[in-house]
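One structure below.
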Amino acid sequence: MANTDIGIDLGTSNIVITMGNKGVILNEPSVIAYNTRTDKVLAVGKKAYEMIGRNPDYICVARPIINGVISDDDLAHSMIREFILKVNKHQLVKPRIIICVPSFITDIESRAVVEAAKSAGSRQVYLIQEPVAAMIGAGVNIAKARGHMIVDIGGGTTDVAIVSMNGVVTCHTIKTAGNAIDRSIIKYIQNKYKLLIGERTAEKVKIELCNLYDPNDEVTYTVKGRSLIKGLPYQIDLSEIELFKAIEDDTFEIMEAIRKVLEDAPPELVGDIYDNGVLLTGGGALLGGLIQLIKRTLGIRCRIAKDAVNCVAKGTGMAFKSMTTLLDGFEAVTVYKYR
């Protein structure tokens with residue numbers, strides 16, 4: 001693998017980039033800020049994320065990637081280009097790029113991703129599906145004739161897949177993931193307490209208070225926002241049980257996605273998964289009590305991958321070594337005829 005080769009996990013919440021043998025060299029929010037009067041990009045990543053909810057009218061802060069796919073071509077091109085220039089500096093050799101995409105992505109959505117990478121000055125572009133990249137990044141040997149199950153809970157999508165012999169046997173993707181859980185928290189607090197909070201606060205509540213297995217009414221977290229009745233600053237104490245009620249539907253949608261993939265899989269592979277357990281990756285894997293909930297609900301063992309958040313990005317970079325052996329979930333863009 002050349003030192004200029006770049007692997008990109010194009011996430012809804014974060015973009016993670018690996019380069020050559022250096023591993024993860026960039027992990028920043030998938031956010032771009034631009035001036036609507038001059039059409040000039042002001043910031044990307046962390047700097048742009050800090051502007052959310054604090055920007056004047058003429059500065060637009062946007063997420064050009066929604067549910068794992070590009071929703072605004074121009075902004076996505078600009079954002080990806082800025083990130084690639086940030087890590088690639090001004091090197092003379094154009095890099096090869098592998099971009100990670102959800103397993104359900106359409107040809108049109110694939111084309112938008114490819115064009116964004118090409119506009120940033122890449123020599124060659126490849127696409128790899130998230131479950132395959134996550135498996136490779138977690139260090140699982142997917143070449144053997146044994147079934148391995150992965151649940152990748154990102155910001156915009158949850159990808160569930162069974163992989164065996166370098167190929168995807170069965171997979172399912174739902175748009176219930178970290179961002180949907182944040183929206184459910186915002187909605188619950190707004191409806192019950194008439195308190196308006198932002199997405200950053202909701203995310204913090206999720207990280208600090210979440211307990212999906214054994215929520216306790218006595219464990220609370222102070223949530224601050226704006227009262228919808230008085231229009232003034234206000235705060236409440238939210239308990240673990242209340243948070244569980246807020247995100248219960250989203251959690252069980254993820255359980256059903258896992259159940260569906262198990263139902264669609266050949267019985268021999270289901271037997272392997274009973275022995276090997278389920279591998280969890282992505283930021284959503286860190287939700288408190290999720291492992292115990294899966295074991296209680298579905299009756300199968302579960303473990304969180306080492307460095308779960310960066311697993312997909314690491315696997316994307318490592319895929320350069322396996323380009324000739326991967327049978328499914330990986331493809332060179334030359335097959336699309338995008339000329």
Margin query: Filter the stretch 180-197 down to the residues that are over 24 Å from ALA285 (Cβ atoms) and open to solvent by 40 Å² or more (accessible area, probe 1.4 Å) and list them by number.
Written below: GLN190, ASN191, LYS192, TYR193, LYS194, LEU196
Item checked: Matching residues in the stretch 223-243 - criterion: being surrounded by 20 or more Cβ atoms within 10 Å (Cβ to Cβ) and over 15 Å from THR201 (Cα atoms) -> GLU240, GLU242
Notebook entry, point to check: Within the stretch 146-154, can one find any residue that is in contact with a Lys or Arg (Cβ under 9 Å, 6 or more places away or on another chain) and open to solvent by 10 Å² or more (accessible area, probe 1.4 Å)?
Noted result: no
Item checked: Among (1) touching a Phe, Trp or Tyr at 6+ places or on another chain (Cβ under 8 Å); (2) surrounded by 13 or more Cβ atoms within 10 Å (Cβ to Cβ) - the single one LEU262 does not satisfy -> (1)
Next item on the list: Six or more apart or on different chains, Cβ under 9 Å: which pairs go from a residue in the stretch 272-287 that's closer than 19 Å to GLN129 by Cβ to one that's assigned to a loop (DSSP other than H, G, I, E, B) and hydroxyl-bearing (Ser, Thr, Tyr)? Could you list them?
Entry: GLY283/SER13
Next item on the list: For ALA76, indicate whether it is modelled with pLDDT under 80 and in a helix (DSSP H, G or I).
Entry: no
Next item on the list: Search the stretch 103-126 for residues being surrounded by fewer than 16 Cβ atoms within 10 Å (Cβ to Cβ) and assigned to a loop (DSSP other than H, G, I, E, B), and hand back the single one that is modelled with the highest pLDDT.
Entry: ARG123
Check: List the pairs whose first member sits in the stretch 38-54 and is within 23 Å of ALA202 (Cβ to Cβ) and touching a residue at least 24 places away in the same chain (Cβ under 8 Å), whose second member is assigned to a helix (DSSP H, G or I) and among the acidic types (Asp, Glu), and whose Cβ atoms are under 9 Å apart, counting only residues at least 6 apart or on separate chains?
Finding: VAL44/GLU82; GLY45/GLU82; ILE52/GLU199; GLY53/GLU199
Notebook entry, point to check: Taking interchain pairs and intrachain pairs at least six residues apart, which have beta carbon atoms under 7 angstrom, with the first residue in the stretch 140-159 and closer than 28 Å to ILE181 by Cβ and the second open to solvent by 30 Å² or more (accessible area, probe 1.4 Å) and among the hydrophobic types (A, V, I, L, M, F, W, C)?
Noted result: GLY156/ILE66; ASP159/CYS171
Note to self: Among (1) assigned to a loop (DSSP other than H, G, I, E, B); (2) under 18 Å from the mean Cα position of the chain (by Cα); (3) not acidic (Asp, Glu), there is one condition THR4 misses while meeting the rest; what is its number?
What the structure shows: (2)
Item checked: Cβ pairs under 7 Å, 6+ apart, first in the stretch 179-199 and in contact (Cβ under 8 Å) with a residue 24 or more places away in the chain and closer than 18 Å to GLU248 by Cα, second open to solvent by less than 80 Å² (accessible area, probe 1.4 Å) and of a type in the set (Gly, Ala, Ser) -> ASN179/SER13; ASN179/GLY155; ASN179/GLY156; ASP182/ALA202; SER184/ALA246; ILE185/ALA202; ILE185/ALA246; TYR188/ALA246
Checklist line | Filter result for VAL219 (crowded, with 21+ Cβ neighbours inside 10 Å, farther than 15 Å from ILE258 by Cβ, among the hydrophobic types (A, V, I, L, M, F, W, C) and free of Cβ contacts under 8 Å to residues at least 40 places away in the same chain) | finding: no
Next item on the list: Kindly indicate which of GLY277, GLY288 is on the phi > 0 side of the Ramachandran plot, surrounded by 16 or more Cβ atoms within 10 Å (Cβ to Cβ), in contact with a Cys (Cβ under 7 Å, 6 or more places away or on another chain) and at pLDDT 90 or above.
Entry: GLY277
Check: Could you list, in sequence order, the residues of the stretch 240-257 that are out of contact with any Leu (no Cβ under 8 Å at 6 or more places or on another chain) and free of Cβ contacts under 8 Å to residues at least 60 places away in the same chain?
Finding: ILE241, GLU242, LYS245, GLU248, PHE252, GLU256
Check: closer than 16 Å to GLY155 by Cα and either modelled with pLDDT of 85 or more or not in a loop (DSSP other than H, G, I, E, B) (or both), is that true of CYS100?
Finding: yes
Item checked: Meets criteria (open to solvent by 10 Å² or more (accessible area, probe 1.4 Å), more than 22 Å from SER122 (Cβ to Cβ), touching a Phe, Trp or Tyr at 6+ places or on another chain (Cβ under 6 Å) and assigned to a loop (DSSP other than H, G, I, E, B)) for ARG37 -> yes
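The values are calculated or read from the model by the stated rules, or taken from the named source; none is laboratory data. Quick caveat, the model's predicted, so the values are computed rather than measured. Positions of Cβ are generated from backbone atoms using ideal geometry, with glycine treated the same way; all protein chains shown enter the neighbour counts. Heads up: the accessible areas ignore ligands, DNA and RNA and are worked out on the full protein's heavy atoms, side chains in. Shrake-Rupley method; radii C 1.70, N 1.55, O 1.52, S 1.80 Å.
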